[in-house]
Amino acid sequence: MTPPISVVVADDHPVFRQGLRALLEGVPDIELIGEAADGEGAVAMALERKPAVVLMDLRMPGLNGIEATRKINAAEPAVGILVLTMFEDDDSVFAAMRAGARGYLLKGSEQEEVTRAIRSIASGEAIFGPAIARRLIGYFSSASTEAFPELTAREREVLELIAQGRNNQAIAAQLALSLKTVRNHVSNVFNKLQVTDRAGAIVKAREAGMGKAG
């Protein structure tokens, strides 16, 4: 007889953990073997009990779900992480994927969707809820036609002006933004392009064909 799929739940809301516990208790091929209320607890429990799947919330006190996912994935890559959260923004989705999550569902998903995702991840597959799947399709569709799809429209404008050699004051004047706002956009651009300074950003932007005007 095949043993049940072992699951750990990591979420800082007791009521939500209770709901998941009730949901999983009625599923014969899935066994809840532990619960954690924060990221540190999730990592410790995953490394100690080595569940097949961890249901991971993203926003928790202390170590958040992204960092907890990264630590578990680095130490125990066989443990599958299924993000179960309220947040469906692009930054959260792609941060979770980069950290090593194999699935992403929104809280409020039907029981069948959650249990199907747990089984899929336990068997080595990746699975995403319908809303998240649409985001992924849109992201990768735009990635094929547009440089740096991870940037927002405003961040692309800022990068274009950086590539033209404009300083922050000139960018602020052209886009009618405060200097502080421009600095924030520039910082976000550097982070997303994984560069440390304007020179690195200019190189990447010009390689992608930006900065030709002006």
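The values are calculated or read from the model by the stated rules, or taken from the named source; none is laboratory data. Quick caveat, the model's predicted, so the values are computed rather than measured. Note that we place each Cβ from the backbone using ideal geometry, even for glycine, and neighbour counts take in every protein chain shown. Accessible surface is based on the protein model in full, side chains and every heavy atom, while ligands, DNA and RNA are left aside. Shrake-Rupley method; radii C 1.70, N 1.55, O 1.52, S 1.80 Å.
A few notes on this one:
- Residue within segment 118-138 that is closer than 19 Å to Glu88 by Cβ, β-branched (Val, Ile, Thr), modelled with pLDDT of 90 or more and surrounded by 13 or more Cβ atoms within 10 Å (Cβ to Cβ) present: yes
- Residue within segment 79-91 that is in contact (Cβ under 8 Å) with a residue 24 or more places away in the chain, open to solvent by less than 10 Å² (accessible area, probe 1.4 Å), part of a loop (DSSP other than H, G, I, E, B) and out of contact with any Cys (no Cβ under 8 Å at 6 or more places or on another chain) present: yes
- Filtering segment 172-202 to residues that are without any contact (Cβ under 8 Å) to a residue 24 or more places away in the chain and closer than 14 Å to Leu151 by Cβ leaves Asn184, Ser187, Phe190, Asn191, Gln194, Val195.
- In segment 66-119, the residues that are more than 11 Å from the chain's Cα centre (by Cα), of a type in the set (S, T, N, Q) and closer than 17 Å to Val8 by Cβ: Asn73, Thr115
- If you go through segment 156-214 and keep only what is on the phi > 0 side of the Ramachandran plot and surrounded by 16 or more Cβ atoms within 10 Å (Cβ to Cβ), you end up with just Gly211.
- The condition of being within 19 Å of Ser120 (Cα to Cα) and open to solvent by 60 Å² or more (accessible area, probe 1.4 Å) holds for only one of Glu25, Glu40, Glu67, Glu48, that being Glu25.
- The residues on offer are Gly62, Gly19, and the sole one that is of a type in the set (Gly, Ala, Ser) and at positive phi is Gly62.
- Of the residues examined, Glu112 is not one that is among the acidic types (Asp, Glu), surrounded by fewer than 17 Cβ atoms within 10 Å (Cβ to Cβ), free of Cβ contacts under 8 Å to residues at least 60 places away in the same chain and not in a helix (DSSP H, G or I).
- Checked against (1) touching a helix residue (DSSP H, G or I) at 6+ places or on another chain (Cβ under 8 Å); (2) open to solvent by 60 Å² or more (accessible area, probe 1.4 Å); (3) at pLDDT 95 or above; (4) more than 24 Å from Glu112 (Cα to Cα), Ile72 passes all but a single condition, namely (2).
- Which numbered condition Val186 misses (of (1) at pLDDT 95 or above; (2) more than 19 Å from Asp91 (Cβ to Cβ)): (2)
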